[in-house]
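The values are calculated or read from the model by the stated rules, or taken from the named source; none is laboratory data. No experiment lies behind these values; they were computed from the predicted model shown. Neighbour counts are summed over all protein chains in view; Cβ atoms, including those assigned to glycine, are modelled from backbone coordinates with ideal geometry. Side chains are part of the model used for accessible areas, which takes the heavy atoms of the whole protein and leaves out ligands, DNA and RNA. Shrake-Rupley method; radii C 1.70, N 1.55, O 1.52, S 1.80 Å.
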Amino acid sequence: MLKEELLIVEDLWKFIDGKPVLKGITFDVSRGETKVILGPSGAGKSTLLRCINLLVVPDRGRIIFDGEDVLKRRDIHNVRSKMGFVFQHFNLFSHMTALENVMLGLVKVKKMPKHEAEKKAKEALMAVGIAEELWNRYPAQLSGGQQQRVAIARALAMEPKLILFDEPTSALDPELIWEVLNVMERLAKAKMTMIVVTHEIGFAMRVASEVMFLDDGMILERGPPEQVILNPCNERVKRFMDRMKYVYSLDTG
Amino acid sequence: MISELLYVSLKYGLLLLEGLRTTFIITIASYAIGFAGGLCIAIARVFFHKILKVFAGVYVELFRGTPMLVQLFFVYYALPEIGIRVDPVTASIIAIGLNSAAYQAEYIRSALSSIPYSEIEAAYSLGLTKLNILIYIMLPQAIRIAIPTLTNEAIYLFKYSSIAYFVTASELMYVGKLIATRTFLYVEVYVLLALLYILFSIVLSEIARYIERKLQIPGYVT
């Protein structure tokens with residue numbers, strides 16, 4: 001039987017140059033849930049995401065993913081292949097076309113035959129609204145929004161159980177932000193399990209099943225978006241949200 | 001001058017071509033050794049753990065820090081002392097190749113380290129192994145970046161293969177000297193040699209430019 005929690009993070013600590021960046025983070029993510037992490041720059045949000053798929057190795061704590069203790073696995077690349085990661089700056093492979101970017105993981109990690117991988121990659125690209133005429137373009141020939149959608153397709157094609165988004169729209173202009181958020185919202189509706197680090201509180205209001213506010217390596221507040229974004233209890237969170245509401249003109253008062 | 005040039009070309013053309021052939025053999029073989037060696041050293045320096053890194057570092061410093069001629073003499077004169085006897089052309093190929101490996105290693109290493117970590121991180125996040133990342137993400141980009149300097153090295157080797165002259169390998173320079181002493185047309189013969197070196201250097205750089213264009217990533221400005 002599948003347990004409800006896909007991911008359990010317990011007392012996670014990370015020190016960088018002797019300074020604690022994460023101070024005992026504990027939370028869990030259920031299957032099909034969209035968890036949104038808000039917080040100021042330098043709060044440890046990116047580090048937290050990178051610890052979950054061990055791009056950064058935490059110093060203490062436990063990460064249970066799909067019933068397995070991730071930190072005890074020696075074949076970490078197998079665990080990573082089950083978690084997608086979408087980066088702020090897209091991080092597409094610049095010497096490969098959009099299609100090749102999506103195919104690489106399928107062929108080299110999932111050992112799929114080429115033609116099968118190609119079919120699957122094309123499906124993934126279609127799913128994020130990248131039309132056929134763009135498949136053979138190189139990243140430098142695509143707009144930021146297109147690049148980020150290719151990056152999402154690259155993660156999706158691997159059929160991950162969880163996708164981690166690290167400020168996926170922070171490098172995009174508003175029109176392109178819409179493109180990307182739209183794709184993410186559809187993923188959430190399709191019950192993809194996601195952890196999203198973002199400043200898009202509008203997106204969080206619509207999509208998040210739970211919002212966590214992270215500052216100084218700690219979770220200051222967590223709960224449904226209406227609570228954390230509109231009526232936070234914590235003073236620090238309140239100050240942050242007031243400013244966010246001003247920036248995004250979302251003062252519902 | 002012109003008539004003497006023609007005279008030398010006609011009378012000794014075949015001999016010069018043979019010299020040119022040997023020059024090419026030395027250049028191509030030592031470049032190949034240098035590239036293969038350089039690639040391994042560069043990968044060791046960027047990618048592997050301490051001991052290998054130290055070995056690779058020592059190799060580079062040793063071969064960059066001593067004159068190529070000394071290295072050539074060492075291969076040709078010192079190796080026979082321990083029972084390894086090699087002919088002049090082979091000795092030249094080994095010495096120049098080992099020397100070039102040190103330089104090519106540095107060119108490839110700097111290209112490897114200029115690849116943005118963000119792409120490597122993305123590759124890790126897909127579940128690729130370190131080796132696969134090296135093969136499919138890092139090397140294809142590093143080689144593209146390194147092409148101009150690697151071309152430089154090829155042209156350099158083509159000209160400096162002439163030091164094989166000192167161990168009597170019958171390459172272009174050696175043949176030229178032979179013809180010059182036979183005909184006493186020193187200036188004309190060396191002008192002819194210079195023209196040949198220039199001609200093929202230009203051919204080499206044109207070939208490299210062609211390869212560079214072929215491999216260029218569309219829309220990508222470096």
>> Over the Cα atoms, compute the radius of gyration (one decimal) and Dmax (the largest Cα-Cα distance, rounded to a whole number) for region B:15-106, in Å.
In response: 14.5, 51
> Can you give the accessible area of A:H89, probe radius 1.4 Å, in Å² rounded to 10?
Replying inline: 120 Å²
> What's the buried accessible area, both sides, between A and B using a 1.4 Å probe, rounded to 100 Å²?
Replying inline: 2000 Å²
> Radius of gyration and Dmax for region B:135-177's Cα atoms, expressed in Å?
Replying inline: 15.9, 48
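Pairwise over distinct Cα atoms, reciprocal of the mean inverse distance: report the Kirkwood radius of region A:1-134 in Å, one decimal place.
Radius from the Kirkwood sum: 17.0 Å.
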> Which of A:K14, A:K191, A:K108 moves the most in a Gaussian network model of chain A with Cα springs under 10 Å?
Replying inline: A:K108
> Looking at the P(r) of the protein assembly as shown, how many percent of alpha-carbon pairs lie beyond 42 Å?
Replying inline: 37 percent
>> For a quick check, take a GNM of chain B with Cα springs below 10 Å and name the residue from B:I28, B:I211, B:I108 with the largest mean-square fluctuation.
In response: B:I211
> By accessible area of protein heavy atoms, probe 1.4 Å, what ranking do A:I76, B:I2, A:I37 get, highest first?
Replying inline: B:I2, A:I76, A:I37
> Packing-wise, with mean Cβ within 10 Å as the measure, how do A:135-145, A:50-60, B:47-57 rank, highest first?
Replying inline: A:50-60, A:135-145, B:47-57
> For region B:2-215, how big is Rg over Rh, using alpha carbon atoms and the Kirkwood form of Rh?
Replying inline: 1.08
>> Mean Kyte-Doolittle hydropathy of -0.5 or higher plus an axial Cα length of 24 Å or more: which whole DSSP H helices in chain B meet both?
In response: B:2-47, B:88-113, B:139-160, B:186-215
> How many partner chain Cβ atoms sit within 10 Å of a residue's Cβ in peptide A:218-229, on average, as a whole number?
Replying inline: 0
> At a Förster radius of 35 Å, what calculated FRET efficiency corresponds to the Cβ-Cβ distance of A:Q227 and A:E175, to the nearest 0.05?
Replying inline: 0.70
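In whole percent, and with a 1.4 Å probe on the protein chains, what portion of the accessible area of chain A is carbon and sulfur? Present the calculation step by step, with values, prior to reporting the outcome.
Numbers: 5710 of 11330 Å².
For chain A, the apolar C and S fraction of the accessible surface comes to 50 percent.
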> Given the protein chains as shown and a 1.4 Å probe, how many square angstrom of A:E185 are accessible, to the nearest 10?
Replying inline: 40 Å²
> Can you tell me the accessible area per residue over chain A, all protein chains present, probe 1.4 angstrom, in square angstrom?
Replying inline: 45 Å²
> Within region A:13-108, how many Lys pairs sit with Cα atoms under 27 Å apart, leaving out pairs fewer than 8 places apart on the same chain?
Replying inline: 20
>> Only Cα pairs within less than 10 Å get springs; with that Gaussian network setup on chain B, which residue of B:S92, B:S205, B:S30 has the largest fluctuation?
In response: B:S205
>> Need one value for A:73-80: mean number of C-beta atoms belonging to other chains within 10 Å of its residues' C-beta atoms.
In response: 3
> Taking region B:2-215, how many lysine pairs are there with alpha carbons less than 22 Å apart, if each pair must be eight or more places apart or span two chains?
Replying inline: 4
> How much of the accessible area of region B:2-215, in percent, comes from carbon and sulfur atoms when a 1.4 Å probe is used?
Replying inline: 71 percent
>> I need the semi-axes of the equivalent ellipsoid of chain A: take the C-alpha gyration tensor, multiply each eigenvalue by 5, square-root it, list largest first in whole angstrom.
In response: 29, 23, 16
